[in-house]
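Okay, so here's the structure we're looking at.
Please treat every number below as a calculation from the coordinates, not as lab data. Because the structure is predicted, anything quoted here is derived from the model rather than measured. Heads up, the Cβs are rebuilt from the backbone with ideal geometry, glycines too, and the neighbour counts pull from every protein chain shown.
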Ligand code: HEM
């Protein structure tokens, strides 16, 4: 009996295990099959969307993207022209579909939604993290909301007003540096001079950091920023650089992290200097507005908690980058557009002359800014053709209907500002520089999402008024003194869409004194 019982017990427990294994295996097989089925359905769904049919099961569409920077921009444009005028699906590998949008209807669906910045493996904002941290550009959710609420007062008109004189003083120095080129007739690449000028402005205005950066022929901070944006762009387009542990071991990766250390040290220095000044000021409070950095240093939560050093540094890094590279790019392309379209350059010069003639000083005043309507129209048109921030990205956190397509949650969306601005269904004579298209009678007929150089919706650019004022002051000061000409011996600028829109071969211009 004992034996029988033991045998039966063994037999039945063996059977139980067999059942157990069978059940587990069945569940695993069902789960795997279900996942595969879902992945296949998702794949089929994305394959049914408008897209470049030249698709590889290994690389998706990556191999179709041209290496040449200008051809790369034109590749996106040809998809808009030939595949679909509103959106297409781009495969960044066999399992990574990205929805690219470039029409007011489709861009609106993304920018009006609460879709956050894309984060996680291989996502562009994640790749910015080691550099600008969880600052306003990269952060999401509560962290972003808190910083945005805190920093919005730093861009109030009352704060921006005195910055105009800082812009003018920076312009004075820039003009002095341009003078010898006008005298000798030698062409120059104007971009490096513009970056130093805009860097000086952001350091003085937002960070109360008074250094004569323009006195140098180059600045290590501006240089590091350039290297960081270049390497960041390379990384976003090179799948084998996506895993951080590999990227860190490559030469470019090491340069990237060295540059990060450099800019972080500079941010720390600025913060420490300002902290000491504020401590001194505490004893003799002055009636003045708070700069961006003061707001960061003095901010307290409801429970009295200050921002951590790391949080403050991320915001400082964010503003130092976002506040100078964009305006330098915007000014550079604006000057190019005017050199290329002399009839508009003359109109702007006449407008500036009419404003300043008879004055003792050429400094532009805050009250002068609305008196430059032609310049304002030309600047808008230049930012249409050459948007300083060409692309941005979002991640859909919920299923979203875009132009009748139900795009699943988790999908990456690339907002192509540079293509929206030349979408032929929106813009007549899209490649022609015609600033009049921004006159109210014409502009009011267009969807507001047709033109978004500063993005739109809740995550729009916090610094847009700061930027536009600065560009207006710099360009009117340059045009008051010089006439700009293209350099026929040099090839035209080659657009390069990095974090900001650059020229791959510099921005070569000739300057002539207006008196000549
Ligand atoms: C011509 C100059 C500028 C252009 C074209 C521009 C454009 C943009 C765009 C398109 C965005 C959205 C980015 C995204 O969604 O990822 C943005 C965001 C931002 N910009 Fe600008 N920008 C300019 C100048 C500035 C300046 C001067 C500052 C600071 C002083 C600044 C600070 C920021 C910040 C902090 C954000 C993130 C805002 C948020 O998400 O709440 N920008 N900008």
Point to revise | Span from the segment 144-193 Cα centroid across to the segment 307-367 one, whole angstrom | key: 6 Å
Exercise for review: On a 0 to 90° scale, report how tilted helix 342-356 is relative to the longest principal axis of the chain, with both axes built from alpha carbons and the result rounded to the nearest 10.
Suggested key: 60 degrees
Check your understanding: Using alpha-carbon positions, what is the distance between the centroids of segment 441-516 and segment 374-400, in Å?
Key -> 12 Å
Review point. What ranking do 64-70, 418-424, 349-355 get when scored by the average of other Cβ atoms within 10 Å per residue, highest first?
Key: 418-424, 349-355, 64-70
Review point. In terms of the ratio Rg/(2.2 N^0.38 Å) built on C-alpha atoms, what value belongs to segment 424-516?
Key: 1.36
**Study point:** Mean-position separation - Cα centroids, segment 8-73 and segment 194-229, in angstrom
**Key:** 49 Å
Check your understanding: What angle do you read, to the nearest 10 degrees and between 0 and 90, between the alpha-carbon axis of helix 2-48 and the longest principal axis of the chain?
Key -> 30 degrees
Point to revise | Over the chain: helical MRE at 222 nm, DSSP H runs n ≥ 4 each giving -39500 (n - 2.57), nearest 500 | key: -17500 deg cm²/dmol
Check your understanding: What angle, in degrees between 0 and 90 and rounded to the nearest 10, separates the Cα long axis of helix 220-236 from the longest principal axis of the Cα atoms of the chain?
Key -> 40 degrees
Exercise for review: Rank by packing, highest mean first: peptides 489-495, 320-326, 208-214, with packing defined as the count of other Cβ atoms within 10 Å averaged across residues.
Suggested key: 320-326, 208-214, 489-495
Revision key, fill the gap. Protection proxy (average C-beta count within 10 Å per residue), highest first, orders 224-237, 266-279, 100-113 as 100-113, 224-237, 266-279
Study note, to complete from the structure: Restricted to the chain, the DSSP antiparallel beta bridge percent, nearest 5, is 85 percent
**Study point:** Extent along principal axes [Cα atoms of the chain; Å; largest to smallest]
**Key:** 120, 63, 44
